[in-house]
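Data block below; observations after.
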Amino acid sequence: MKVVFLLGAISTMALAIPQALAQATGADSTRNDIVVTGERLQDTVQAGKSDIPLIETPQAISVVSGKDIDARGVTRLSEALRTVAGVSRSTTYGFYDAYTIRGFDAAYGSVYLDGLVNEAGVGLNQELSAIEQIEVLKGPASMLFGQAPLGGLINLVSKRPQADAFLRLTASTGSWNLIEGTVDANAPLNQGKTLLARINLTYRDADSFVRNAGINRIFVAPAITWQPGRDTTLTLLGRYQRDRDNPFSPVPAYGTVLPGAVAIPEDFAINNAGDQRVINNRDRWQVGYIFDHRFSDALSFSQTLRYTHRKEYWNRWMFAAGFLDANGQPSHDADGNEAPTDTIGRYFYGPYRAIDKDFAVDSRLKGSFTLGGITNEWIAGIDYRHNSESYFSAGDYDPTHFPLRIANPDYHAILDTSAVTGAGSSSTAHQTGIYVQDHLKFGDIATLTLGGRYDWANAAGQKDKAFSPRIGATVKLVPGVNAYASWSRSFLPQLNTLWVIGFDGNGNPIGGPVPPERGRNVEAGLKFAPDARLSGSLAVYQLTRQNVATANPIYPDFSVITGEQQSRGVEAELRWQPVAGFSLNAAYTYVDAKITKDNFFTVGAPLSNIPAHNVGIFAQYEVPKGPLAGLGATLAFTYNSKRNGDVYSTRPDGSVLLWLPAYTLVDAGLSYQRDGWGVRLTVANLFDERYWPDTGGIDRVSPGTPRNFRLTLSRDF
């Protein structure tokens, strides 16, 4: 079924696009759908499930348009989010997308696609080539989504077919043997333009600044829209993503951010040499639809459905595990702490096999009515999600079996895997939620938003249910400036998240389902949009959550649970377009995130990977007219203050053993567009600063990417 849909869409596009382009009128058929759609979605967002303007929404929401993504020349979601206040990198193990939102780790379950959770598993980088815009909802979204993390969620909006035909081709090269090509093709399939098709194709292959590492991706995303009548639209969406990667592993803190016996080079690899595209293999198929029907101006129905099938295999994945002494045994000082030497011990992970199947559907009615002079914009819906996973995981967790010298590493040494043991398991989880929201408008002066959701969840026989309410209000201070406040609670069934409940006869960990995460939020702020050239927001908040699953430093397939965490912060965002061709995006974040109750971790310890201060600025200018029209330049600035690198090693007195140092990054770019042709050169980390953006513990510090360039040639038809 999935293959038929993908092949059918590709063949249909291949036949229809040349004819549609030949019929296109006008000499300049440069596409403009991204610009138009992006402007429209600045007022409302798909993730809001309603048509309430952002300035009337009692919640901080940020939008990154597809046009901004292209201008920045980025392919990673973590890079695209640098100018979103409240978002920073989480424990990525050096290669995949993971985030903290408002001080809380949102590595799993925080990324949605078209309003449905985008089940990804561990180690996925989201593909941006088929994304129209990125929406970041900050604070609890459980009232609408149920299983959303307390800190917030990221919703990716798929590119959909447009009425006008276009074809965009790009070819890129860059540092570390980058080769990339993309196709974005769109065409109406009939004369009445009631049947539209679009397809996005991406191929990407690159080595890495770290030895023995590289990526390879094939991505296909077809879409077909059918509009049988003025009030009905059905869009079919498919995705296939094939990754063949050899991701690099993080390195020890000793020798990088802490003094060590031997300095660890920037390109130092933990993995052995070999085929650079086979350690992590992943195939992912997705198929679904978005259906909209308008009964009248006051009543409409929408349904979003998607099925995801993920198959993953990896093997021979090595991770640092302390240091070894001259006798090949774990090295410790007199107090039992890790003592650095010139030899690293390593864990061996693999083979690992997993098959994950995820089905999600969200159905909702929305309407409006006026009663007593008060306008009510309401929404009522029900959603359901079913997930099943089976896996086999093996490894050898004795670091003395796999020594690696820092000064003279032997990446071709034969690995003795005779001690590798493993175990398999399978699990099924499902969740059902019903939700209602009413947005009351008191003229153009004030609004009141009331909502609630009830969830039933069952994971591996563990049943949970909860009610998640939300109340919020906005008041217009002056035209274009609103103040808002909100209170809400959240409930997060942590599906397919396991913690260690015991060990089998071979010493392998046995996992059990973790309890649901619960939280509450208080927030207030200002939103302003006096005209189309200036908009922004200011927010203050306090979030508290219990039963928090965090990465296990020893067994990456499992989590550990902390008692209670609290985050307080201030966020500010600004988007300014003072003159034609120039725009400035700026964001500032202050976060105080710490453990407030726990029997294991130090109370008062700052949470890992959370900078107290974060600044992101992106400026771009393109000459709008004259002989230099189409010439553009970009400049980006990112600052992160120091971060606690390991909450596990926080001392009993609250002092921190491992601080990741503050860092500042500057990116720059030049571009030129004329007569449908375009060329763009971007240089990231212009001043080649060595930095460490995140960590998974004392043995797992991720190195930041050194200076690199990307050159892209594009052609629009």
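The values are calculated or read from the model by the stated rules, or taken from the named source; none is laboratory data. This one's a predicted model, so the numbers in the text were calculated from it and none came from an experiment. For neighbour counting, all protein chains shown are included, and Cβ atoms are generated from backbone atoms with ideal geometry for every residue, glycine included.
With respect to (1) without any contact (Cβ under 8 Å) to a residue 24 or more places away in the chain; (2) surrounded by 16 or more Cβ atoms within 10 Å (Cβ to Cβ), the lone exception for Gly336 is condition (2). A residue that is in contact with an Asp or Glu (Cβ under 7 Å, 6 or more places away or on another chain) and touching a residue at least 12 places away in the same chain (Cβ under 8 Å) can be found somewhere in the range 178-194. What number of residues within the range 667-704 are closer than 21 Å to Ile610 by Cβ, acidic (Asp, Glu) and modelled with pLDDT of 95 or more? Result for the range 667-704: 1.
Considering only residues in the range 346-402 that are part of a loop (DSSP other than H, G, I, E, B) and at positive phi, the one that is surrounded by the most Cβ atoms within 10 Å (Cβ to Cβ) turns out to be Gly373.
Looking only at the range 62-91, residues that are under 14 Å from the mean Cα position of the chain (by Cα), polar (S, T, N, Q) and surrounded by fewer than 23 Cβ atoms within 10 Å (Cβ to Cβ) come to 2 in all. Within the range 577-623, the set of residues being among the aliphatic types (A, V, I, L, M) and touching a residue at least 60 places away in the same chain (Cβ under 8 Å) comprises Ala586, Ala587, Val591, Ala593, Leu607, Ile610, Ile617.
Restricting the search to the range 458-490, which residues are more than 22 Å from Trp378 (Cα to Cα) and either touching a residue at least 60 places away in the same chain (Cβ under 8 Å) or not in a strand (DSSP E or B) (or both)? Listed by number, the residues that qualify are Ala460, Gly461, Pro479, Gly480. Residues that are closer than 26 Å to Arg282 by Cα and free of Cβ contacts under 8 Å to residues at least 60 places away in the same chain: does the range 221-229 have at least one? No, there is no match, as no residue in the range 221-229 is closer than 26 Å to Arg282 by Cα and free of Cβ contacts under 8 Å to residues at least 60 places away in the same chain. Restricting attention to the range 658-674, the residues being assigned to a loop (DSSP other than H, G, I, E, B) and either touching a residue at least 60 places away in the same chain (Cβ under 8 Å) or of a type in the set (Val, Ile, Thr) (or both) number 2. Would you please name the residue that is farthest from Val64 (Cα to Cα), looking only at residues in the range 508-519 that are in contact with a Leu (Cβ under 8 Å, 6 or more places away or on another chain) and surrounded by 18 or more Cβ atoms within 10 Å (Cβ to Cβ)? Out of the qualifying residues, it is Gly511.
Would you mind stating whether Asp243 is acidic (Asp, Glu) and not in a loop (DSSP other than H, G, I, E, B)? Here the answer is yes, as Asp243 does meet what is asked. Considering every residue within the range 312-321, establish whether at least one is hydroxyl-bearing (Ser, Thr, Tyr), surrounded by 15 or more Cβ atoms within 10 Å (Cβ to Cβ) and modelled with pLDDT of 95 or more. No, that holds for no residue.
Taking the listed residues Val84, Val111, Val117, Val122, the one that is under 30 Å from Asp557 (Cα atoms), modelled with pLDDT under 75 and β-branched (Val, Ile, Thr) is Val122, with no other qualifying. Looking at Gln133, Gln59, can you tell me which residue is within 13 Å of the chain's Cα centre (by Cα), modelled with pLDDT of 80 or more and over 26 Å from Ala213 (Cα atoms)? One residue alone meets the criteria, Gln133. Residue count for the range 520-579 satisfying the condition of being buried (at least 22 other Cβ atoms within 10 Å of the Cβ), basic (Lys, Arg) and at pLDDT 95 or above: 1. For the structure I just gave you, tell me whether Ser331 is more than 30 Å from Lys159 (Cα to Cα), hydroxyl-bearing (Ser, Thr, Tyr) and crowded, with 17+ Cβ neighbours inside 10 Å. Taking the combined requirement at face value, the residue satisfies it.
If you check Gly678, Gly697, Gly626 for being part of a strand (DSSP E or B) and either free of Cβ contacts under 8 Å to residues at least 40 places away in the same chain or not hydrophobic (A, V, I, L, M, F, W, C) (or both), only one passes: Gly678. One residue stands out in the range 526-580 among those that are over 23 Å from the mean Cα position of the chain (by Cα) and basic (Lys, Arg): the one that is farthest from Tyr349 (Cα to Cα), namely Arg533.
Do we find a residue being under 30 Å from Asp444 (Cβ atoms), surrounded by fewer than 16 Cβ atoms within 10 Å (Cβ to Cβ) and touching a strand residue (DSSP E or B) at 6+ places or on another chain (Cβ under 6 Å) anywhere in the range 492-502? The answer is no; no qualifying residue exists. Taken over the range 700-717, the residue count meeting the criterion of being within 21 Å of Thr100 (Cβ to Cβ) and in a strand (DSSP E or B) is 2. Before we move on, is Thr343 touching a residue at least 40 places away in the same chain (Cβ under 8 Å), buried (at least 19 other Cβ atoms within 10 Å of the Cβ), under 30 Å from Gln126 (Cα atoms) and among the hydroxyl-bearing types (Ser, Thr, Tyr)? No. Could you tell me whether the range 117-125 includes any residue that is surrounded by fewer than 23 Cβ atoms within 10 Å (Cβ to Cβ), under 20 Å from Thr682 (Cβ atoms) and of a type in the set (Val, Ile, Thr)? Scanning the range 117-125, I find no residue that is surrounded by fewer than 23 Cβ atoms within 10 Å (Cβ to Cβ), under 20 Å from Thr682 (Cβ atoms) and of a type in the set (Val, Ile, Thr), so the answer is no. Restricting attention to the range 233-268, the residues being crowded, with 22+ Cβ neighbours inside 10 Å, in contact with a Lys or Arg (Cβ under 7 Å, 6 or more places away or on another chain) and of a type in the set (D, E, K, R) number 2. Screening Thr634, Thr602, Thr664, Thr650 for residues that are surrounded by 15 or more Cβ atoms within 10 Å (Cβ to Cβ), at pLDDT 95 or above and not hydrophobic (A, V, I, L, M, F, W, C) leaves exactly one candidate, Thr634. Among the residues of the range 563-591, the one identified as within 19 Å of Ser649 (Cα to Cα) and among the acidic types (Asp, Glu) is Glu564. Scanning the range 316-345 for residues that are outside any strand (DSSP E or B), over 34 Å from the mean Cα position of the chain (by Cα) and not aliphatic (A, V, I, L, M) returns Asp325, Asn327, Gly328, Gln329, Ser331, Asp333, Asp335, Gly336, Asn337, Pro340, Thr341, Asp342.
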